[in-house]
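Taken together, the values in this text are just the output of simple stated rules run on the coordinates, not laboratory data. Quantities reported herein were computed from a predicted structural model and do not represent experimental measurements. We place every Cβ from the backbone using ideal geometry, glycine too, and count neighbours over all the protein chains shown.
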Amino acid sequence: MNANGTSGYWNLRPVVLENDLLRIIVFPELGAKIYSLIYKPLQEDILWHNPAMQPAIVSPSSPFDDVWCGGWDEIFPNDAPCIVDGKHYPDMGEVWSIPWAHSLIRNREHPPSATLQTSVRNEATPCKLTRFLTLRDGESSVHVRYLLENVGDKPLRFLWKLHPAFDINETCTIEIPASTGIIDPRYRHLYSDHRAMYKWPYATNSEGREIDVSRVPPSTEQTCSLHYVTDLKDGVAKFNNPKRNLSVTIRFPKEIFDNVWLFLAYGGYRSLYTAVIEPSTSYPYDLGEAIREGHCSRLDPGQKLDCHIEVELRTLK
C-alpha cells in the first residue's frame with residue numbers, strides 16, 4: 001500500500017494512492033481532481049483525458065469546457081453560471097478549479113489501507129466539502145466518503161454531482177436501474193417531437209428511429225446530448241467496456257443522489273469523445289430552475305451531509 005506525493009505532471013504536484021490492484025493520481029491544487037484511475041491487472045485507465053488540453057492551474061472564473069482536461073471533477077454548488085440568493089456562482093461551481101488542502105492517512109490494521117483526505121471551503125457559499133479516498137490492500141474498489149457541512153447562518157440550496165469522464169469506444173454500455181430518462185431542453189431538437197421524457201433507456205430520435213441511450217456509438221456519430229436518468233430503482237451506475245475487458249460500478253446512496261446525469265459527447269461537441277456518468281442531487285443544470293421546480297437540495301445552518309460512495313473495477317471475464 002503506497003500513498004505519496006510526486007512530481008512531473010505539467011508542473012502540478014500530484015498525490016498518488018496505490019495498492020496492488022489500483023493506482024489513483026489526484027491533483028489537490030486543481031480542485032482535488034482525480035486525473036487517473038488505473039486498473040493495474042490490465043494497465044487500463046478508466047478515465048478520459050482531453051487530447052487537446054493538458055492539466056493546468058486555472059482561474060475560478062474560467063469557463064469549464066475551455067479548460068477541461070478530463071478525469072473526475074467535483075461539481076458544487078451549481079452547474080450553469082447563475083445568480084442565486086444574490087450570489088454569483090461561476091461555471092460548474094468553484095470547487096473544481098481551486099486548491100484543496102490535503103493530507104495522507106495510513107492505517108496499518110487489517111487490511112492495511114491508505115486514505116487521501118482533501119477539503120475545501122467555498123468562497124461563494126459558506127460551505128466546507130471534505131472527501132476521503134481510501135484504498136485497502138487486496139481490493140479493487142475505491143472507497144469514497146464525503147462530508148458536506150453548511151458553516152454559515154442561512155440555509156443553502158445547491159446542486160452537487162460527481163463528474164467522472166470515461167474513456168469510451170463503440171463496445172461500451174451504461175447500465176442504470178431506472179425507469180425514466182429526461183432530455184435536457186437544449187438537446188430535445190435531436191429527438192422525436194421534442195419530447196422531454198422517455199422510458200429509459202429507449203428514446204426516439206428526430207428521424208423516428210429508436211435509440212438505446214445506454215449503448216455508446218462510434219465517434220463518427222457526431223452527436224452530443226445531456227440526459228437526466230430518474231426514478232432510480234437502486235443507487236448504482238455501471239460502465240462496461242468489453243473492448244478493454246473492464247467494468248466499473250459506482251454505488252451511491254440514492255436518497256442523496258437521486259438521479260444520474262449523462263453527458264454524452266460522441267464527436268458532436270468540440271470533437272470530444274467521452275461519456276460523463278454523473279450521480280447528482282439535483283436537476284436540471286440551471287440551479288435557479290432546479291430551485292423553482294423543487295429539484296434542488298438544501299442544507300440548513302450547521303447541518304452536515306455524510307455519505308459513502310464505492311467505485312469498483314474488475315475484469316469482465
Residues SER282, SER219 arranged by fewest to most Cβ contacts within 10 Å: SER219, SER282
Tell me which of THR134, GLY268, ASN245 sits at the most positive position along the dipole axis of the chain, charges placed on C-beta atoms (Lys, Arg +1; Asp, Glu -1). THR134
Debye, to nearest 20: dipole size of the stretch 158-317, +1 on Lys, Arg Cβ, -1 on Asp, Glu Cβ: 300 debye
Among [x] 16.0; [y] 19.4; [z] 22.9, the value of mean projected area of the Cα convex hull in nm² computed for this structure carries the label [x]
Using modelled amide H (1.01 Å from N, peptide plane; none on Pro or chain starts), what sits under 5 Å from the amide H of GLY31, excluding residues fewer than 5 places away? ILE98, TRP100
Given the rule -39500 (n - 2.57) for each run of at least 4 DSSP H residues, summed and divided by the residues of the chain, what is its mean residue ellipticity at 222 nm, to the nearest 500 deg cm²/dmol? -500 deg cm²/dmol
Could you put TYR9, TYR266 in order, starting from the residue whose Cβ has the fewest other Cβ atoms within 10 Å? TYR9, TYR266
State, as an integer percentage, the relative contact order of the chain based on alpha-carbon contacts under 8 Å between residues 6 or more apart. 17 percent
Reduced to Cα centres, the span from the stretch 63-83 to the stretch 251-317 in Å works out to 12 Å
Which of the peptides 77-83, 273-279, 121-127 is most tightly packed, and how do the rest follow, judged by the mean count of other Cβ atoms within 10 Å per residue? 273-279, 77-83, 121-127
